[in-house]
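All remarks here apply to the structure that follows.
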């Protein structure tokens, strides 16, 4: 790891100021950034920690649904979202291991947009709003490909607001080594329709499976999934699974998520 | 009542107090006055010619004290292979030099070609990055695939080795024609092509070494993560650096696992010694995990075709194998023994097979060196054999349990001379099979399978009956087989004046629990409490000699040396007692810690004898030496032959291809058991590693020789959720006939017997589920592979 300066502001305004500095890099739970720095693959001059800002912490019900502060660790979401949005709490409780869940944050995960991360599927399937220090971004506009988001230079997530569905479930199939999602499917049933978001499988990161959404909006039952097909051409191939295998997982796990959602 | 101390008691591991409370002392824990840090500059290409290394800029960087390149070691020796194997045509194997630092060429990603010594690790890393930038390495095409390496001799890992072959070994070559004839005449022949997947050892503690040199005395000290400190001293002294053995101390302190990878001497150890001499300061190096992936000796990596000739009712008539075994870029110390004498000699398993022939071609590639990993050769043999027998049963519609019973050796056939060179001393393979069948409730399987089916899962059951050759020794036999070292062991038992005991043993414990078990044995024999015995290991300046711990040898070989030294203590004690009690030596008996004149109540306690040995007032010094300390070396008459039967049950999720091991039953024959709790723990660990190999672990290089599974993001280790609660039994005991403890060794059994049981169970599940086209899936049977096999 190379040397760096460290700042830990206590307000969003101070954080924005600190991040304007040359070579500054936002640090949340550090579950991706710190290992990258240890491997000397990243060497930011200044780390600006976002974990000391009180208004970016915590889980509460508010306008538009469940508000989760961007610097809230997964373990806290797993506990505190349980009563309001059990599927989201389950997802948070299944990320990594206890150490990762105690440090890693929702904001960090959503900002990094790792194509195998769990949270992006919940954000997209819930039609959540990503709130930053500058604006509000709809989930459908936010995710823009592998490790790519709508966030601009100097912009950072302050909270994520989740509309709460009638029923929902997240089913993840672990990559055997990292235990990230080899494929994960989040199904959310709202009064006005069903949203299905898939992580881990797509070439471009998290995506919505619109055919399944249409079929499930008409009839929310696992049986309707068996009549659908998933085109492998948009799927990722790596050491742990071919595109065809991932296409199969999308279908199988969607069916299981529907069943789990009840 | 089970015993609560001594031999046979499940005494809790005394070493766990320090391990579990953070008080263990590992190499990297040691802070030394004036210490410096070494960082290695490693090749990022698999195969390349070193054109130039410009050290000027790096040398001028802050904190940099010295820089070494291959040029600095070109005139010293190389790290040798410990076994000389001859090819079928009688020519000796090809032995390229394995230098301290790569010189001329780099031959695998991670091959170190320079080292930087600096005041701090950060400074050394900065300079190492600079040095890498200032080095010109011309990349050459990488040789990764073994078949291609042999087929295309235009590209060579070692310029002087024309076909990338180390040797082409036939075992036993004289039997080849008879085996071919038997195979031809067999009513049925089963053929199976399989891969024994390459594994990264993944010891919890990465390798680490500290070199020290005292200019005042000329003494060197190497503190290092070794399973085998005396071998390291021997190799550094006699082959690599030429430091006299009496001027070099090698210490292996607490070591956090090895699984084989820390048996060997590595270049980093030589480098820190040479650097310490140059600087007159301690030089330390600790591998980062990515270095462990790239440079620890890997395991397995065989590509095998096995053929089995049999009658239509499943009597095995002949076995013939052809294997390509990867040795990687250089010959690691045991790398030539592992695919040959630890593999070919086991190819008749626990069965009476009249004709067996094994051919192994060992291939150099631009990958990390490959060497012994828990089980070493024997898992490869067992896997090939148990898989092909399972395939035979399916092809002929035979019951796998009955086929084993038909072919297993029977107790009256021991000692049994196998057709591949081993003399099995004792065993009862039916007993362990019967036990496993009972433990696994085989008759209740259909009911469990129906219950699984109701939950949407396919259930399968797999069997493996296996044997291993352990207690790696004896010198005369391994000498005939090509070993360049002896494989005995040694121990010194020192009775202190106050009656407690220090035992210096050649075996090295890096997690096994020797400090507990060895003390139980000494205490039992001397009739004193376990707590009066201390076990000292891992320091060449303290222990007489040793050949380390691997091959399930510690108890059978070193434990026997220790037992013999204790016998000498008792004999000496009798002499002392005879003097003290004014009786004839022949009249003294020793029992329950007391030396007694037979037929009288005249006696001396062990403590009184010890005290007298060190306070020898009135000793007849002409005939009785003061002191009470004895050393024994022990070289056994034969290998030991643990054996057993393992039954695995799996559930397969057809939708995702995921395999869950839901039950695992082990009926082992380890001979006599010294500490049942530790034996169970060894079996748990071994089976866990075997399940890891079967379900998860694999090592992938791309066509340019880059390691794709170079971190835990891509190298799948088994976790607690991947293994079931094990059902372990060791009550079937046929004690080893040639060591006094009657022990056979248990460290590798689990890793040897379990992989075929898992794969046989998976194939069984798929066949029962109607996927009858699936007759084999190579390990690991990962979800995607199983799904592809089902849907392929």
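The values are calculated or read from the model by the stated rules, or taken from the named source; none is laboratory data. Here the structure is a predicted model, which is why all the values come from computation and not from measurement. Every residue, glycine among them, receives a Cβ derived from its backbone with ideal geometry; neighbour counts consider all protein chains shown.
Matching residues to (1) farther than 24 Å from residue A:14 by Cβ; (2) part of a helix (DSSP H, G or I); (3) touching a residue at least 60 places away in the same chain (Cβ under 8 Å); (4) not assigned by TED's automatic domain parsing to the domain that holds residue A:14:
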residue: A:31; (1), (2), (3), (4): no, no, yes, no
residue: A:35; (1), (2), (3), (4): yes, yes, no, no
residue: A:40; (1), (2), (3), (4): yes, no, no, no
residue: A:67; (1), (2), (3), (4): no, no, yes, yes
residue: A:76; (1), (2), (3), (4): no, yes, no, yes
residue: A:79; (1), (2), (3), (4): yes, yes, no, yes
residue: A:83; (1), (2), (3), (4): yes, no, no, yes
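Just a yes or no: is a residue in the range B:718-725 in the same structural domain as residue B:749 (by TED's automatic domain parsing), surrounded by 15 or more Cβ atoms within 10 Å (Cβ to Cβ) and not in a loop (DSSP other than H, G, I, E, B)?
yes
Looking at the range B:103-121, can you tell me whether even one residue there is in a helix (DSSP H, G or I) and touching a residue at least 60 places away in the same chain (Cβ under 8 Å)?
yes
Could you run through the range B:742-792 and say how many residues are away from every other protein chain (no Cβ under 14 Å), free of Cβ contacts under 8 Å to residues at least 12 places away in the same chain and in a helix (DSSP H, G or I)?
Going through the range B:742-792 one residue at a time, the tally reaches 0.
Would you check if there is a residue in the range B:60-82 being in the same structural domain as residue B:267 (by TED's automatic domain parsing), closer than 29 Å to residue B:481 by Cβ, under 26 Å from the mean Cα position of the chain (by Cα) and not in a loop (DSSP other than H, G, I, E, B)?
For the range B:60-82, residues in the same structural domain as residue B:267 (by TED's automatic domain parsing), closer than 29 Å to residue B:481 by Cβ, under 26 Å from the mean Cα position of the chain (by Cα) and not in a loop (DSSP other than H, G, I, E, B): absent.
Touching a strand residue (DSSP E or B) at 6+ places or on another chain (Cβ under 6 Å), within 14 Å of another protein chain (Cβ to nearest Cβ) and crowded, with 23+ Cβ neighbours inside 10 Å: does that describe residue B:127?
Yes.
So that you can scan it fast, the table gives a plain yes or no per residue for (1) assigned to a loop (DSSP other than H, G, I, E, B); (2) over 16 Å from the mean Cα position of the chain (by Cα); (3) crowded, with 24+ Cβ neighbours inside 10 Å; (4) in contact (Cβ under 8 Å) with a residue 40 or more places away in the chain:
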{"site": "B:326", "(1), (2), (3), (4)": "no, yes, yes, yes"}
{"site": "B:330", "(1), (2), (3), (4)": "yes, yes, yes, yes"}
{"site": "B:339", "(1), (2), (3), (4)": "yes, no, yes, yes"}
{"site": "B:358", "(1), (2), (3), (4)": "no, yes, yes, yes"}
{"site": "B:367", "(1), (2), (3), (4)": "yes, yes, yes, yes"}
{"site": "B:372", "(1), (2), (3), (4)": "yes, no, yes, yes"}
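Let's see how each residue does on (1) under 29 Å from residue B:753 (Cα atoms); (2) under 22 Å from the mean Cα position of the chain (by Cα):
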site: B:468; (1), (2): yes, yes
site: B:515; (1), (2): yes, yes
site: B:518; (1), (2): yes, yes
site: B:537; (1), (2): no, yes
site: B:544; (1), (2): no, no
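When residues of the range A:89-110 are filtered for being surrounded by fewer than 24 Cβ atoms within 10 Å (Cβ to Cβ) and in a helix (DSSP H, G or I), how many remain?
9
Quick one: count up the residues across the range B:132-154 that are surrounded by 14 or more Cβ atoms within 10 Å (Cβ to Cβ) and without any contact (Cβ under 8 Å) to a residue 40 or more places away in the chain.
2
Yes or no: the range A:102-112 includes at least one residue that is under 14 Å from the mean Cα position of the chain (by Cα) and more than 27 Å from residue A:63 (Cα to Cα).
Within the range A:102-112 (the criterion being under 14 Å from the mean Cα position of the chain (by Cα) and more than 27 Å from residue A:63 (Cα to Cα)), the answer is no, since none of the residues qualifies.
Just checking, which of A:244, A:218 is within 14 Å of chain B (Cβ to nearest Cβ) and farther than 23 Å from residue A:123 by Cβ?
A:244 is the lone residue from the list that is within 14 Å of chain B (Cβ to nearest Cβ) and farther than 23 Å from residue A:123 by Cβ.
If you go through the range B:509-519 one residue at a time, do you hit one that is under 29 Å from residue B:590 (Cα atoms), in contact (Cβ under 8 Å) with a residue 24 or more places away in the chain, in a loop (DSSP other than H, G, I, E, B) and out of contact with any strand residue (DSSP E or B) (no Cβ under 9 Å at 6 or more places or on another chain)?
Scanning the range B:509-519, I find at least one residue that is under 29 Å from residue B:590 (Cα atoms), in contact (Cβ under 8 Å) with a residue 24 or more places away in the chain, in a loop (DSSP other than H, G, I, E, B) and out of contact with any strand residue (DSSP E or B) (no Cβ under 9 Å at 6 or more places or on another chain), so the answer is yes.
Return the residue satisfying two criteria in turn: it lies in the range B:710-728 and is within 14 Å of another protein chain (Cβ to nearest Cβ) and free of Cβ contacts under 8 Å to residues at least 24 places away in the same chain, and of such residues it is farthest from residue B:695 (Cα to Cα).
B:713
Would you be able to say whether some residue in the range A:18-34 is at pLDDT 95 or above and closer than 20 Å to residue B:125 by Cβ?
Checked against the condition, which is being at pLDDT 95 or above and closer than 20 Å to residue B:125 by Cβ, the range A:18-34 yields at least one hit.
Collect the residues in the range B:386-425 that are surrounded by 19 or more Cβ atoms within 10 Å (Cβ to Cβ), out of contact with any helix residue (DSSP H, G or I) (no Cβ under 8 Å at 6 or more places or on another chain) and more than 21 Å from residue B:760 (Cα to Cα), keeping them in residue-number order.
Passing the criteria: B:424, B:425.
Do you know which of the residues in the range A:176-200 that are within 26 Å of residue B:720 (Cα to Cα) and crowded, with 23+ Cβ neighbours inside 10 Å is nearest to the other protein chains (Cβ to nearest Cβ)?
Ranking the qualifying residues of the range A:176-200, first place goes to A:176.
Only one residue in B:187, B:153 is under 15 Å from residue B:365 (Cβ atoms), over 31 Å from the mean Cα position of the chain (by Cα) and more than 14 Å from chain A (Cβ to nearest Cβ). Which one?
Result of the check over B:187, B:153: B:153.
Can you report the number of residues in the range A:226-239 which are in contact with a helix residue (DSSP H, G or I) (Cβ under 6 Å, 6 or more places away or on another chain) and within 11 Å of chain B (Cβ to nearest Cβ)?
1
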